[in-house]
1. Could you order B:MET255, B:MET173 by accessible surface area, starting with the largest, using a probe radius of 1.4 Å?
2. Would you work out the Kirkwood radius for chain A? I mean one over the mean of 1/r across all pairs of different Cα atoms, in Å.
3. Nearest 100 Å² is fine: how much accessible area is buried between B and A, summed over both sides, with a 1.4 Å probe?
4. Cross-chain or 8 or more residues apart, Cα under 18 Å: how many lysine pairs in the stretch A:835-926 fit that? Count them up, please.
5. Step by step: find N for the stretch A:915-1019, compute 2.2 N^0.38 Å, then divide the Cα radius of gyration by it. What's the final number?
6. Considering only A:PHE408, A:LEU372, A:SER397, whose Cα is most displaced toward the positive end of the charge dipole of the stretch A:369-443, charges sitting on Cβ of Lys, Arg (+1) and Asp, Glu (-1)?
7. Using a probe of 1.4 angstrom, how much of the accessible area of chain A is carbon and sulfur, in percent?
8. Can you give the accessible area of A:ILE131, probe radius 1.4 Å, in Å² rounded to 10?
Amino acid sequence: MAETCMKELSHYGPSLCVKFYKNYVVSGYGPFIQIYDYHDNGKLIHKSKMFRKNKIHGLSVSSEGKLLVFGSRSVSVVDLDDDLINNDENVDAIRFEKLNSEWIINGEFSANGKFIYLLTSYNKVLICDLIGNVVSEKVLPGERSILYSGSIKVLSNDKVLINAGTVMGGVLIWDLSTESKIHNLLGHEGSIFHVTVSDNGELVASCSDDRSIRIWDIKLGKELCIGWGHTARIWNLKFFSNGTKLVSVSEDSTCRIWDLRSNNNETFELRLSQVHEAHLIKNVWGVDIQEEENLAVTSGNDGRIKLIDIKDYGDPSNEISFSMDDISEKSVIKFNKEEIIKGFHQFKFGLIAITSLGKIIKFDFETEVWQLISVYDKFVSYSSTNAIVKHNIIIFSNNKCDLLLLKFSSDGHDITVKQELHLDELSKTNNCLVEEFNEESLLVCLESPNPRDKFICLQINNETLTIVEKYSFTKPENFVSSCLEVFQHYILVGSRFATIAIFDKRNVDKSAYIIKRLNHGDTTTNIAYVECNEHQSHLFSVTNRDGYYNFISINFPSDCNGSITYKVIHSNKIMKGFLEGAFFNDKGEYITYGFKSSLFYIYNETHCYEIASQVCGGAHRQWKLFPCDSDEEEETQFTLIYIKASRLHLKRINKLSVPETLESGLHGREIRDVTILKEKSYNDEYIFCTGSEDTTLKLGQFNTVTGKVTNHWTERKHVSGLQRCKFISEKLMISSSAREELLLWEINDEFQSGPYITIRQTLPTSSDNPDLRIMDFDTIFLTNGLDFIVSTVYSDSGVKIWYYDHAKNIFKLLIEGRYSTVCILNTSLEIFRNQVWLFIATTDGQLITYNITDYIPFAVSKEEKSRLVAQSVMNEEIIGLPLPIGTMVVHQSGIKTMNIFQDDNNLKIYTGGDDNAIGIIVFKYDQTKGTIEGNITSFEKNAGSSTITSCVVFNHGKNLLSTSVDQIVRIWTVEDDILRLSEQKYTTCADTGAADIVTDKNDSNKLLIGGVGLSIWES
Amino acid sequence: MGKSSKDKRDLYYRKAKEQGYRARSAFKLLQLNDQFHFLDDTNLKRVVDLCAAPGSWSQVLSKKLFNDTTLEQQNERKIVAVDLQPMSPIDHVVTLQADITHPKTLKRILEIFGNEKADFVCSDGAPDVTGLHDLDEYVQQQLIMSALQLTTCILKEGGTFVAKIFRGRDIDMLYSQLGYLFENVVCAKPKSSRGTSLEAFIVCLGYKPPSNWKPRLDVDFSVEEFFSTCNLNKLQISDKLQDWHEEERKIAPFMSCGDLQSFDSDATY
Ligand SMILES: C[S@@+](CC[C@H](N)C(=O)[O-])C[C@H]1O[C@@H](n2cnc3c(N)ncnc32)[C@H](O)[C@@H]1O
C-alpha cells in the first residue's frame, strides 16, 4: 500500500459532551477535544485529537486541572493547561490513549485527584492511577448485566456512589468501597438512559425510555416526584443551584430547566420552568451549567455547540408594562374610561404614543416619566403611527386624510417642528406607510379604500416637514398596500396576495410594474434592499405573512422607456408560523421574525436557531420591533413593544454577552447525499449541497485550504428524507426523495451576500398521494445546455424518462415502464458510440442495460458528442420502456452506488454493493451487432467489511474513491480495469453514506464525505 | 393517510399475517434455513431462541421440531425462548422474561436444560437504538456476545449459532472472534430483510471450542471476563489499561439468502 497522503481538513459532526472550565468551554467533538474561549467571541483556542477512532462520550476535570476523557473503550488523562491549552494546536495528544476491554460508561477523578474511577458497561469500576495502572477493581456481586448509562458520584475520598442504569428499568445505587447495594430504585419503564446524584449526595435524578424524570431520596430509597414534559427520550441530566434545579437535554431537540420545590421536605414537585429549542432534529447529547454567569451549554448530534442564557428567559426585569391607570398615576394625565393606546413608536429618547382620544403622550427612558404632549381631536379613534427614528420625526395619520408630523429635539424634550397636512385628493385614507427617501427627505404613502383613488406619495423635507413633491399614481388592481421600500427613483410597495407594485417617481403617469403572486400568497410583510451585483441587478428580500421569504433580483431600465425585469432567485418557507420581516445582521446572517400563534419569535435562519421569543397576545395584536444600534455598547439588541390585554409592554431582548453558538453545526441526522458545484468556484471557495434524513437540503460553501464550511440556506421543501441530490450543471441541481418528490433547483451565485437557490420545477407525480421513492436519477443535456432528458427510477421497479423544456419550464414524460418487481437503486444515462444508453441497478444486484436511442425524439449531436439535439417532432404519446438489451448479476445483494467513466474506447461502470464488494464492468461496442456488451473485469469481494455506499471516479479514471459503513474511506488505483487498494483511512462520520470530489485550481482533490456529520479531505 | 400507510406495508407483512406468524421476521429465519438447512436436520432436538419476542422465530422452531413428529421424538425435544419483553405462550416453547446480558439469566437457561446439550442457538436481538452509532453497535454486539457465551456453555460440538448483526464499524472484529469458535462463519442477508437496512445475520456452522478452554459461567463475571480465558484476541484483562492497538479484523464472506422468486422487501406496490 502506498504512503498515505489523504488528509482530513475539517470535520463537522456530533458532539457528545461539553463542560465549562475557567473561561472556556471544553467539548468532545467526535474524537477531538475542542476548547473555546466563550468570552473572546467563542474563539476556538485549541483542538486535539484524543482518540484514533473512538468518539469522546464524556469528560471530567479534576480540581488540579487534569482532564479525563473517555468514549467507547478508550480513556485518556491529560493536563488541560500544560498538554492542551498552552500547547500548540494538533499536539500529539493521541499518545495518551489507553484501551479498556469493556465500554466505559462514565469516568471521574477521586476526591484527592490522584486516581480515576472508570465505570464499565458491565457494572464494574476500575480504580486506576493517572497513567493507567489498575489499582483495584470493584463490582456489585450478582449485578453484572449490561448498562446503557451510569455515573460515579465522588463525595469524599471514602464515599463514592456508583449509580447504574440497567436495561430492565432499575437504577442500582451502590457503594464503591464496600461493594454493597444501597438501593435498586424501581419505577421507570424501559432502559435507563441517565442517572445523576446531587452534590450533597442526597438526591438521585434518573430518566428512561418512558420520557419521565424521577427524583429519588437516597436515604429513604423513595421516589420523591416525577417530571413530565419532554416529548422524546432524555439523554442527560444535571443538578445545579444546590440541588434545587435540574437541566435536561433530549431527543426532542430541547434543553429544559426544572425547579425542584419542596413543601417542608414532605411533598416534592419538579416543575418545568424553561424550554429551549437548542438543536436541530433531533438529539441533544451534552449539557453543562455555569452558575455564576447563568449560562447553559449544550451539544448535539447536529454538531452544534449552543450557549443558552438561563437567566434572561422570562426575566421580569427586562420588561416593563403599563396599564392606562399606571400611566395616569405616573403623570397628571387623565384618561377617559374607554381610552386606549392606538399607536406608538420608539425613539432613542423614549416612546411616543397616541391614544384613542388623540392624546399624544411621551415616556422618557431616562427619567421614566410619562408626559402629555398635546391633544389632537382630529386623531380620535382611527389613526396610524409611523416614524423616521433617525430624524426624530413621528407621523400620525387618520382616516380623514389628515397628517400630523412632529419633529423632536434629540433629547426628546422639545418639539422643534410641527406640521399638519390635509390631502384633498382622497376621500378617505385607510393606510399610511413611511420610509426614508433620501438624505433630505422622507416619503409618506397614503392609500384610500376606493380603487379608483390615486395612490399618493408625499416627499417631505426632514427639516421643515414641508411637502417637497407630491406623486399621484394610478393604483393597480386588487391592490392593498402593506409595506414600503424606496430605491433610487422607485417606490416598491408590497401588497396583499404576495404582490409587489413598483412605481417610478419620474413618470407618475406610467402604470406600476407588478410582480404578481410570488407564492400562494398572503400579505407581503417586508421588502428590503440587499445589494447590487456587477450586472446591475438589485437584490431585494421580500417576506410574506404566510411564512415564505423570497429574494428577488430586479433590473431597472437605464432610461425611462425601458422596462423593469425581475427574477425570483431564492424562495423558502420558515419552519412554522407567520413571517413579519427579515434582515441580514452584521455577520451576514439572515434573521427572520414573526409569530407562532401567540408567541413572537426572532430566528437565525442561516444557522437555524431561535434567538428569542416572547408570549405576546392573540390575533389582533399591536406590536412593533425596534432594533437597537449595533455599534453601541448596548446590551439590548431589540425592543419589542406590544399591547396585550390593554397593557402596553416594553420588552428588552438582550444580546447574549457571549456568542449564541460556538459551532453552528449542520444536519441533525444522517447526510444521505452530498454534491459539489464543480464547474466554478465562488469567492475562491466551492458551493456544495447536502441532503439529509432530516428532510432538508443545506446549501453552503467550503474553503479548500481550511475545509471550513459556511452555511447559507436550509431548504425545507422536501417532506420526506432525502435520497439523492446532484448538481447537473453549473446552474441546476436536482434532489429526490420518497413520496415521489423530485425537485429541480436553480442556483444563483452572482451576489456577494451568498449563493441563492430556488425551485424551478417539480416533477409531476403519478398519483395525488404518492408513496413511491425516487431512488435515483440521471440527466443528459441538449446542446443548448438548458434542456435535458432525465431518467428516474422507483422503489416499485418503475423507470421513466422525461424531457425538461427550459424555456417552457415543463417536464414531459417520454418513456414509462417497469423493469420487474425489485426496487431499483441506481440509474445512469450515457451517450456512447452515438447511441443513448440507460443503465439501472437493482436491490438484487443486477445491472440492466437499455438502448433508448430510437425511443426518444433526440439524436446525439454531431458537434458535441455528449449532448443531444432535438430530432423528430415531440409526440404527445408516452412510449413504453423497451426490453433490456442486457442483464447481468454483478452483486449478491443491492447495488448501492454506481459511477460511470468513459475513455476513448470503453464505457466503464463502477458498482459498490451491499455485499461489501466493488465491481468494474467494462462495456465494449460490438460493431457487427451494433450493440454493447459488458464484462466484469474486476470484482473486489472484500472491498469493505460492510456495505459500500459510494464510489466516485476521479483523476481521469485513474482513481476510485469508495466509502463504506465500516467508516473506512478507501482510494483505489484503477489500472487495466483492475482495482488495487492504494490508501485507506478511518473517518469519524458514522453511517458513512455519501461522497463527492472536486479538483481545485491547484490540481488538488477535495473530498467531501457525508454520514452522521461531514468531513472534508484533501488528496 | 390510514389507507395508504396500510398499503405500504410490504408483502412479508401480509404473508406473515396469512400464515399466522407474529412477525415478518419469521421469513428471515426461513430464508436462512433455505440456504443453510440447519433446521432440516432430523436430529435437531434442543434449541434456544434468544431475544425472541414477540415469538415468530419460536413459532418456526416449534413447527419444525414438533409438527409431524412422534410422541417419543417430542419428549426429547425442547425449545426455550428468552426476551426482556413478555411473550404470549407458544406450543412446546418454554418462555422466560429476562435480560440475556445478565449472567443469572444464562444460569437459569442452563438449569432448564439440565445436563443436556443444545443443537442450535439463535438470537434475533435488537437493543433500543439511541442514535449514538458506536454505542448502538456495541450493545448489539454485546447481545451477540451474551448469546455466544450461552452457546459455548450449552452447544454441542458441530452445532449451529445464528445471530442478528448490524454491519457497522466494528463488525469485522466480531467476525474474527467468531472465527475462533466455529469452522465456518458467513454473513448472510435474507431477501426479507430490507436492503436499505444494515441488518444481516451471522451464521456460524460447526461449533468447535478451543480444546484447552472450559467455559465456566460465574454470575459475577461479565461476558468479557468470561471470554478472557479463551483466546479471543482482544479479550484480555490485565492490571493495566492497554496502550492503543489495532485489533484483529476479518471479513466474513457475504451471502444473500432466499431464492430469486423471493420478494424484494424494499419494493412498494
Ligand atoms: C427483532 S425482535 C425479535 C423478533 C423475534 N425473533 C420474532 O421473530 O418474533 C428483538 C428483541 O430483542 C429483545 N432484546 C433486546 N435486548 C435484550 C436483552 N438484553 N435481553 C433479552 N432480550 C433483549 C427485544 O426485547 C426484542 O423483543
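The values are calculated or read from the model by the stated rules, or taken from the named source; none is laboratory data. Keep in mind it's a predicted model, so treat the numbers as computed, not measured. Note that we place each Cβ from the backbone using ideal geometry, even for glycine, and neighbour counts take in every protein chain shown. Ligands, DNA and RNA are stripped out before the accessible areas are found, and what is left, the full protein with its side chains, is counted by its heavy atoms. Shrake-Rupley method; radii C 1.70, N 1.55, O 1.52, S 1.80 Å.
1. Result of the area sort, largest leading: B:MET255, B:MET173.
2. Result for chain A, one decimal place: 32.4 Å.
3. When B and A are taken together, about 5900 Å² of accessible area is lost.
4. Count of close lysine pairs: 4.
5. Ratio of Cα Rg to 2.2 N^0.38 Å: 1.18.
6. A:LEU372
7. Carbon and sulfur atoms account for 45 percent of the accessible area of chain A.
8. Counting only protein heavy atoms, A:ILE131 exposes about 120 Å² to solvent.
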